[in-house]
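The structure appears below as structure tokens.
The values are calculated or read from the model by the stated rules, or taken from the named source; none is laboratory data. Just so it is clear, the structure is predicted and the values come from calculations on it, not from any experiment. For neighbour counting, all protein chains shown are included, and Cβ atoms are generated from backbone atoms with ideal geometry for every residue, glycine included. Surface areas here come from the heavy atoms of the whole protein model, side chains and all, with no ligands, DNA or RNA. Shrake-Rupley method; radii C 1.70, N 1.55, O 1.52, S 1.80 Å.
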Amino acid sequence: MTTDTTDTTKSANTAGTARTTGKSYVVGVGMTRFEKPETRDWQYWDMVREAGSGALADAGIAYTDVEQVPVGHCFQASTAGQRAAYELGLTGVPVYNVNNNCATGASALMLARQFVEGGLADCVLALGFEKMKRGALGSGADGGDFSTSPVARHYGIMAARHGFEMTPPTAQIFGDAAREHMERYGTTEAQLAAVGAKNHRHSAHNPYAQFQDVYSVDEILAARPVHRPLTKLQCSPTSDGAAAAVVVSERFVDRHGLGDRAVEIVAQAMTTDTEESFASGSCIDVVGRPMSRDAARQVYERSGLGIEDVDVVELHDCFSINELLTYEALGMCEEGESGKLVESGATTYGGHWVVNPSGGLISKGHPLGATGIAQVAELVWQLRGEAAARQVPDARVGLAHNIGLGGAAVVTLLRAGV
């Protein structure tokens, strides 16, 4: 293998050797089963030991090979990343605590990629975990004071247009986006429920998924309402769990003979809110469709690939409506056509893409800090042909989409082989 760049920079390690900037690869992934909170007797460091050890074993390397460790989590204390990573070894490597709301996992992975592609490290371990409480997520404001919440502007837009109801706030803002989509484009409740039915069906073959039950569209529509039109089976649950990914340079792949394990990170982009998120007063924009669209556009431009080249997608279906909005943002269909797209079968096995073969957040679960890395773990297994009963045939290119309200959107494009 050869690299296509010539820029060099000094290493951060004690040897002080020059590194060549260039490509990055995922060579090992691991994750725990995602569990309903308070059902398993474990701590967050137990989760990370399991997921991190799995990723290192998958790569066939030791923790002593790791030079940097970004760790994503939202609900634990400041240096919880160190407490968790110390379960893997006490080598003195830098540990970075990352918190970017629901996009935390992908943000930790992005740091790992930047360390490698920037020439600062040859081997980085990205970790993400969460130990959560049962029940719906709140506003993110201390004591329920929306005025001090990081997402106060977002909820203010929602309240100005739709008022504020006594339902879980995250379900409310996405549910209001669903109402707007239905009013504007004629999207139906059955089309929204079809997202949940698809993802629950996919998770039946995923041993890591929190839920493995299959439901029909009618059963999903009949489930307990959370915020109309969203029912419980269209909403991601709170979850405990961890995921890990080993990201390395091309040189590391060559030196350790990891070509058969390596999946290339072809391109990656993160975007945050712009004026477009708020100018329209629409919850569709407030919950992140413009951010997701811009991140996808950057990834396509940098990679020279388009959505038509993608075989398998893991996207952020925190609620069924967000899967539909993300179809549109990724360019899988025109605005307003996403309900028809899922209804047509284009996003499941036998269709143009397989979206959320893991079961997605709705059925696999959503431990915030782990989600973005878990998406990439699923794609790595798919692109290696190791996904067993949920394998997407001949998958060569995968796309991950992880978004956090407040806001951040991360899109990652992966390709099999070196």
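Rounded to the nearest 10 Å², what accessible area does residue 280 show when all protein chains are kept and the probe is 1.4 Å?
70
Can you tell me the orientation of helix 189-203 relative to the chain, as the angle in degrees between its alpha-carbon axis and the longest Cα principal axis, to the nearest 10?
It is inclined by approximately 30 degrees.
What does the charge count around residue 400 come to, taking other residues whose C-beta lies under 10 Å from its C-beta (Lys +1, Arg +1, Asp -1, Glu -1)?
Around residue 400, the surrounding residues sum to -2.
If you count only protein heavy atoms and use a 1.4 Å probe, how large is the accessible surface of residue 319, to the nearest 10 Å²?
Looks like 20 Å² after rounding.
So, with +1 on the Cβ of K and R and -1 on the Cβ of D and E, and no other charges, what is the size of the charge dipole of the chain about its Cα centre, to the nearest 20 debye?
Working: 34 positive and 49 negative charges, 122 e Å.
That gives the chain a dipole magnitude of about 580 debye.
As a test of reading the structure, rank 270, 158 by solvent-accessible area (1.4 Å probe, protein chains only), most first.
Solvent-accessible surface, decreasing: 270, 158.
Suppose all protein chains stay in the model; what accessible area per residue would a 1.4 Å probe give for the chain, in Å²?
37
Given a 1.4 Å probe and every protein chain left where it sits, what share in percent of the accessible area of the chain is carbon and sulfur? Walk me through the numbers on the way to the answer.
Details: 7530 of 15330 Å².
Solvent-exposed carbon and sulfur of the chain make up 49 percent of the total.
Could you tally the net charge around residue 357, taking each other residue with its Cβ under 11 Å from the Cβ of residue 357, Lys/Arg +1 and Asp/Glu -1?
+1
Rolling a 1.4 angstrom probe over the protein chains, ignoring ligands and nucleic acids, what is the accessible area of residue 273 in square angstrom, nearest 10?
40
Which of the listed residues, 56, 196, 29, is farthest toward the dipole's positive end in the chain, when Lys, Arg count +1 and Asp, Glu count -1 at the beta-carbon?
Ranked along the dipole, the leading option is 56.
Taking a threshold of 31 Å on the Cα-Cα distance, which of the pairs 232/340; 131/232; 23/133; 23/340; 23/131; 36/198 fall above it?
In this structure, 23/133; 23/340; 23/131 lie more than 31 Å apart at Cα.
Keeping all protein chains in place and using 1.4 angstrom, which order do 87, 219 fall into by accessible surface area, from largest down?
219, 87
Restricting the count to DSSP beta bridges whose residues both fall in the chain, what percent are antiparallel, rounded to a multiple of 5? Numbers along the way, then the final one.
Working: 39 of 53 bridges.
Of the beta bridges lying entirely in the chain, close to 75 percent run antiparallel.
Check each of the trypsin sites (Lys or Arg not before Pro) in the stretch 23-62 and keep only those in coil by DSSP with at most 14 other C-beta atoms within 10 angstrom; list them in order.
Counting only loop positions with at most 14 other Cβ atoms within 10 Å, the trypsin sites (Lys or Arg not before Pro) in the stretch 23-62 are 40.
Could I have the simple spin-label model distance between residue 349 and residue 309, label points 7 Å from Cα toward Cβ, reported in nm to one decimal?
If labels sit at residue 349 and residue 309, their model points lie 2.8 nm apart.
For every other residue with a beta carbon closer than 9 angstrom to the beta carbon of residue 348, add +1 if it is Lys or Arg and -1 if Asp or Glu, then tell me the sum.
Numbers: positive: 198, 201; negative: none.
Counting the neighbours of residue 348, the net charge comes to +2.
Which shape class applies to the stretch 154-203: rounded if a/c is under 1.5, otherwise prolate when a/b exceeds b/c and oblate if not, where a ≥ b ≥ c are the square roots of the Cα gyration tensor eigenvalues?
Details: a/c = 3.25, a/b = 1.67, b/c = 1.95.
Since a/c reaches 1.5 but b/c is at least a/b, the shape of the stretch 154-203 is classed as oblate.
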